[in-house]
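Below is one structure, written out as structure tokens; the observations come after it.
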Protein chains: 2
Amino acid sequence: MSGQQNEIVTAAFIVIGDEVLSGRTKDKNIGFLADYMTNVGIDLAEVRIVPDIEDRIVEAVNELRAKYTYVFTSGGIGPTHDDITADSIAKAFGVSIDIDPRARQILEDYYPNGEVTEARLRMARIPSGAGLIANPVSGAPGFVMENVHVMAGVPKIMQAMVDEIVPTLKTGQKMLSRHVDADLPESRIAAALGDLQSAHPDVMIGSYPKNDDGRFTTQIVVRSRDPQQIDTVIAAVEQIVSNTKI
Amino acid sequence: MSGQQNEIVTAAFIVIGDEVLSGRTKDKNIGFLADYMTNVGIDLAEVRIVPDIEDRIVEAVNELRAKYTYVFTSGGIGPTHDDITADSIAKAFGVSIDIDPRARQILEDYYPNGEVTEARLRMARIPSGAGLIANPVSGAPGFVMENVHVMAGVPKIMQAMVDEIVPTLKTGQKMLSRHVDADLPESRIAAALGDLQSAHPDVMIGSYPKNDDGRFTTQIVVRSRDPQQIDTVIAAVEQIVSNTKI
């Protein structure tokens, strides 16, 4: 992980799976990756959830890998017929796919003798030219094809794979944030916040309404890569909030 | 809501908000909408999370509204400077946007006399030609522009708006699903499930591994619009599972 102080590094995340779109599975990977990327100074710039349909996966991968520094995917790399991510990635890059000797060795080391069945060998199918991502939880690896990182969908495995990947990524200058909680509906401070944003165009001022038991409060979040600018703007926000009566 | 038995009705959902991409807010609307759409017979075919950047919102809206029966958006319709969804939708459709007399009236009825401030009036800015979506929680309406339904991001408000919208939608034949829980890692039944899928191409058989405390189990989900086909395939899945030793 090399922090290059002035570079903006971006990423997109593609969640692959009919079960997320049908509501049967509630995704837990988006929030995890969003937090993780923010912490290491990579801007997660877009997320897509797509079904288990090859053309849709190919389309999303090819569009996003051209647009962002990194693409991450989760889901569809298991041993069953509906696991079509590896084949879709091969198609997206126009390369062949076959059982990879390195991945096969990993499975043979992981499972007891004779238990690397034909179904499990499906998990050793890796697009030609890809590097492997270690899977400390359940053996079968993910893989990296150029800037596309292909991971499992099971949260515990996906999270372990992100830990494996991040040290290999270049990271940008970290986005910092501080916030002020205001016991006010956001409309009461909207005009003043808008003026403050205009005066500090390089800082992002976000206003997030919350509804707790029918009562509206607001969290004002100030984001920037410059800690001094954040301090200045946070002080101004606190001033606005304390000058506004409920 | 008119259920047309042979029509497939599709939808995409665009979640608008820097705070979801940064991890600060954990989205709760995707799972809600996914369940809801499944229940009313609309296929949620794609989800995108995009930042508070006009060009990115316009691009996503224009791409998805051409592709799916309906588009839903959440987020960015409040009173502050970072609420840019309404302006972005107007731009996407190439129409003007101004304070809408119907929306203004709603705000005047909702707030006490004199409290419809300039900031709150921002929430009455509606693209020309749009219909309104009632907001029983906090007054300020969402809106419908052709097949695009624009809703608030606060989950309680978004959910109330979905309740308002759904009776106006056409719905397709409902996708049904049943599942079998197998106390087996999915690789043990992968080959048999693959054969079963090949024999029943009109039914979707999904295999979802779970990792509970280091132990792998599998949920096999069978989806179809034809209840008889589901029954047939579920019986075959149960047979496969009971014939497989742990």
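Only the coordinates and a few stated rules stand behind these numbers; no lab work does. Predicted, not measured: the structure shown is a model, and the values here were computed from it. Cβ atoms come from the backbone with ideal geometry, glycine included; neighbour counts cover every protein chain shown.
Overall, the anisotropy analysis places segment B:20-67 in the oblate class: the square-rooted eigenvalues a ≥ b ≥ c of its C-alpha gyration tensor yield a/c not less than 1.5, with a/b not exceeding b/c. Kirkwood radius for chain A, taken over all pairs of different Cα atoms as the inverse mean of 1/r, rounds to 20.3 Å. Rounded to the nearest 20, the Cβ-based charge dipole of the protein assembly as shown about its Cα centre (Lys and Arg +1, Asp and Glu -1) stands at 200 debye.
Per the Kirkwood treatment, what hydrodynamic radius in Å, one decimal, follows for segment A:176-243 from the mean inverse distance over all distinct Cα pairs? Mind dumping the intermediate values first?
On the way: mean 1/r = 0.0836 Å⁻¹.
Averaging 1/r across every pair of different Cα atoms and inverting gives 12.0 Å.
For segment B:114-129, 3J(HN,Hα) computed residue by residue from phi via the Karplus equation (6.51, -1.76, 1.60; θ = phi - 60°) reads x, 9, 7, 6, 4, 4, 5, 4, 3, 6, 9, 6, 10, x, 4, x Hz, glycine and proline entered as x. Of the residues B:F32, B:F143, B:F13, the one that moves most in a GNM of chain B with alpha-carbon contacts below 10 Å is B:F32. Partner aspartates and glutamates whose Cα lies under 17 Å from the Cα of A:K26, excluding those fewer than 8 positions away in the same chain, are identified as A:D18, A:D52, B:D27, B:D35, B:D43, B:E46, B:D212. Three principal axis extents describe the C-alpha atoms of segment A:60-189; from largest down they are 67, 33, 28 Å. Our summary gives chain A a relative contact order of 19 percent, counting only alpha carbon pairs under 8 angstrom and 6 or more residues apart.
Under 5 Å between amide hydrogens, built in the peptide plane, is the criterion, and for B:T73 it picks out B:I14, B:H149, B:V150, B:M151 among residues at least 5 positions away or on other chains.
Considering only segment A:2-171, what is the antiparallel percent among its DSSP beta bridges, to the nearest 5?
35
Helix A:54-67 and the long axis of chain A differ in direction by around 50°, with both axes built from C-alpha atoms. Straight Cα distances below 26 angstrom link A:K91 to the lysines A:K67, B:K67, with same-chain residues fewer than 8 positions distant left out.
For segment A:93-155, just say rounded, prolate or oblate: build the C-alpha gyration tensor, square-root its eigenvalues into a ≥ b ≥ c, call rounded for a/c under 1.5, and beyond that prolate if a/b exceeds b/c, oblate if not.
oblate
Given in Å, the Rg to one decimal and the Dmax to the nearest whole number for the Cα atoms of segment A:194-233 are 12.3, 36.
Computed FRET efficiency, Cβ-Cβ of B:D55 and B:A235, R0 45 Å: what is it to the nearest 0.05? With a Förster radius of 45 Å, E is 0.30. The dipole here belongs to chain B: it is taken about the Cα centre, uses +1 on the Cβ of Lys and Arg and -1 on the Cβ of Asp and Glu, and is about 300 debye. Measuring spread by the Cα atoms of segment A:62-126 yields a radius of gyration and Dmax of 13.7, 44 Å.
For segment B:1-121, divide the Cα radius of gyration by the Kirkwood radius and give the resulting Rg/Rh value with two decimals. Spell out each step's value before the answer.
Numbers: Rg = 16.6 Å, Rh = 16.2 Å.
Ratio of gyration radius to Kirkwood radius: 1.02.
With unit charges on the beta carbon (Lys/Arg positive, Asp/Glu negative), name the residue among B:M37, B:G214, B:I89 whose Cα is farthest towards the positive pole of the charge dipole of chain B. After comparing all options, I get B:G214.
Spatially, segment B:1-67 and segment B:164-242 are offset by 24 Å when compared through their Cα centroids. Across the options A:G129, A:Y70, A:S198, the greatest Cα extent toward the positive end of the charge dipole of chain A (unit charges at beta carbon of Lys, Arg, Asp, Glu) belongs to A:S198. Rounded to the nearest 10 degrees, the inclination of helix B:155-165 to the longest alpha-carbon principal axis of chain B is 90 degrees. The value obtained for segment B:125-207, namely the Cα convex hull volume divided by the number of residues, is 172 Å³ per residue. Projected onto its three principal axes, the C-alpha set of the protein assembly as shown covers 77, 56, 39 Å, listed from the longest axis down.
For chain A, what does -39500 (n - 2.57) per DSSP helix run (n ≥ 4), summed and divided by total residues, give at 222 nm, in deg cm²/dmol to the nearest 500?
Working: 9 runs with 91 residues, N = 246.
Using -39500 (n - 2.57) per qualifying helix, the result is -11000 deg cm²/dmol.
Using only side-chain charges placed at the Cβ, +1 for Lys and Arg and -1 for Asp and Glu, the dipole size of segment A:29-82 relative to its Cα centre rounds to 160 debye.
Within the protein assembly as shown, what percent of beta bridges assigned by DSSP are antiparallel, to the nearest 5? Mind showing how you got there, number by number?
On the way: 55 of 93 bridges.
Approximately 60 percent, going by the DSSP bridge assignments.
GNM on chain A, alpha-carbon springs under 10 angstrom: the most fluctuating residue among A:V50, A:V58, A:V180 is A:V180.
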